[in-house]
Amino acid sequence: MANPNPTTSLYCRDIPDAGVANTVFGSDTSIMVARPGKTCCAFPLFWFTIPEGFYALVTKHGAHQPYVDSNGKSSPVWPSGMHLGPPWLKVSHLVTKQSILFNTQIKGCKTKDNVTVLIDVSIVLRVMGDDPETRPGDDPQNVYKFVHEVTPVGLQVQLQDAQAEAVRTLARSVYHTEVFGLRNVSH
């Protein structure tokens, strides 16, 4: 279910550890990716936890470490729960599984009759990183690509630019009296 509070920006944030992820993501709907720190204590920990509701990427000495299940199947995303491993194995990124309501305002749109209007666009989005056998069309590799290639800020810029272009084209094709009737139009 999408969060009822729309966000106008998307970003990545450092958090103290994976244990506070639910609190941090719940209080700030703009966060898509969190980078948890390693829990600090007097002795090294030989376990780490991944909270439910997140895609987790794990690193070993800073290099990506894929998860290998009991059947030998490899995935870039680690499942939630407690995992045993050496202290240098850590959760590098947590990506939210929840849908995000992203809001964009397109200002200065000219209509067919040259009236300037402001159009507000809301998009529901999520990172499609589940197992393709569970959710067709999803791929765990999408999570890795999103974190390291697209990034939340990059996605925000792409969404805003694509929406601005599509909405300006659409607005130019209708009269100002028809703009309000553009609700639920997919372009």
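The values are calculated or read from the model by the stated rules, or taken from the named source; none is laboratory data. Computed from a predicted model, the values in this text were never measured in an experiment. All Cβ positions, glycine included, derive from the backbone under ideal geometry; neighbour counts span all protein chains shown. Calculation scope for accessible area: heavy atoms of the full protein, side chains included, ligands and nucleic acids excluded. Shrake-Rupley method; radii C 1.70, N 1.55, O 1.52, S 1.80 Å.
Since only Gln163, Val127, Val143 are under comparison, the one whose Cα sits farthest along the positive direction of the charge dipole of the chain, derived from C-beta charges on Lys, Arg, Asp and Glu, is Gln163.
Could you work out the longest stretch of the chain that avoids the chymotrypsin sites (Phe, Trp or Tyr not before Pro) located in DSSP loops with at most 14 other Cβ atoms within 10 Å? It works out to 89-174.
Computed over the stretch 87-187, the range of Cα coordinates on each principal axis works out to 64, 27, 17 Å, biggest value leading. Compute the angle between helix 152-172 and the longest alpha-carbon principal axis of the chain, please, reported from 0 to 90 degrees and rounded to the nearest 10. It works out to around 20 degrees. About its Cα centre, the chain has a charge dipole of approximately 320 debye under the convention of +1 per Lys or Arg Cβ and -1 per Asp or Glu Cβ, with nothing else charged. Here the spin labels are modelled as points 7 Å beyond Cα on the Cα-Cβ line, and at Trp47 and Lys73 they lie 2.6 nm apart.
Over all other residues within a Cβ to Cβ distance under 10 Å of Thr116, the charged ones net out to +2, with Lys and Arg as +1 and Asp and Glu as -1. The mean sequence separation of alpha-carbon pairs under 8 Å and at least six residues apart, normalised by the residue count of the chain, gives a relative contact order of 22 percent. Under 18 Å Cα to Cα from Lys90, which aspartates and glutamates show up? Leave out anything in the same chain fewer than 8 places away. The reachable aspartates and glutamates, counting only those whose Cα sits under 18 Å from Lys90, are Asp14, Asp17, Glu52, Asp69. Structure remark: mean-square fluctuation, Gaussian network model of the chain, C-alpha springs under 10 Å; the largest value among Asp28, Asp17, Asp113 belongs to Asp113. Per atom type, the chain shows carbon and sulfur on 55% of its accessible surface, probed at 1.4 Å.
Within the shell defined by Cβ-Cβ distances under 13 Å, the residues around Thr151 carry a net charge of +2, with Lys and Arg each +1 and Asp and Glu each -1. Along its principal axes, the chain has C-alpha extents of 70, 35, 26 angstrom, given from the largest down.
The loop-placed GluC sites (Glu not before Pro) in the stretch 112-187, going by DSSP, that have at most 16 neighbouring Cβ atoms within 10 Å of their Cβ come out as Glu133.
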